[in-house]
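Everything below concerns the one structure shown next.
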Amino acid sequence: MLGAPREVVNKLREQYPSGTRVELIEMHDEYREMPKGLQGTVKWVDDIGTIHMSWDNGSSLGVAYGVDKVKIIPSE
């Protein structure tokens, strides 16, 4: 099975609803440098657990479940 189990996907959707602001901790992408600390806005979570993003640097690279790491930026 590719991606996260259904229960994990549902939890990710609860944790990262559309509009949630996150900060990048770690991303592994051999074609694009994504700096630690980069911030972005969650667009949606797909059926395999990828968090689709709108990064502040203009990128739309998704956060891959089990590979990349982000943390939620608390709203003020």
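We did not get these values from a lab; they are worked out from the coordinates using the rules stated. All values derive from a computational prediction rather than experimental measurement. No Cβ is skipped: glycine too gets one built from the backbone with ideal geometry, and neighbour counts run over all protein chains shown.
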Candidate set: segment 43-62, residues that are of a type outside the set (D, E, K, R) and touching a residue at least 40 places away in the same chain (Cβ under 8 Å); chosen: the one nearest to L2 (Cα to Cα): I48
Residues that are assigned to a strand (DSSP E or B) and either in contact with a Gly (Cβ under 9 Å, 6 or more places away or on another chain) or touching a residue at least 60 places away in the same chain (Cβ under 8 Å) (or both), drawn from segment 4-42: R21, V22, E23, L24, I25, T41, V42
Matching residues in segment 46-67 - criterion: being assigned to a strand (DSSP E or B) and touching an Asp or Glu at 6+ places or on another chain (Cβ under 8 Å): H52
Index of the failed condition, V70 passing every other in (1) assigned to a strand (DSSP E or B); (2) at positive phi: (2)
The listed residue being on the phi < 0 side of the Ramachandran plot and loosely packed, with under 14 Cβ neighbours inside 10 Å, out of R32, R13: R32
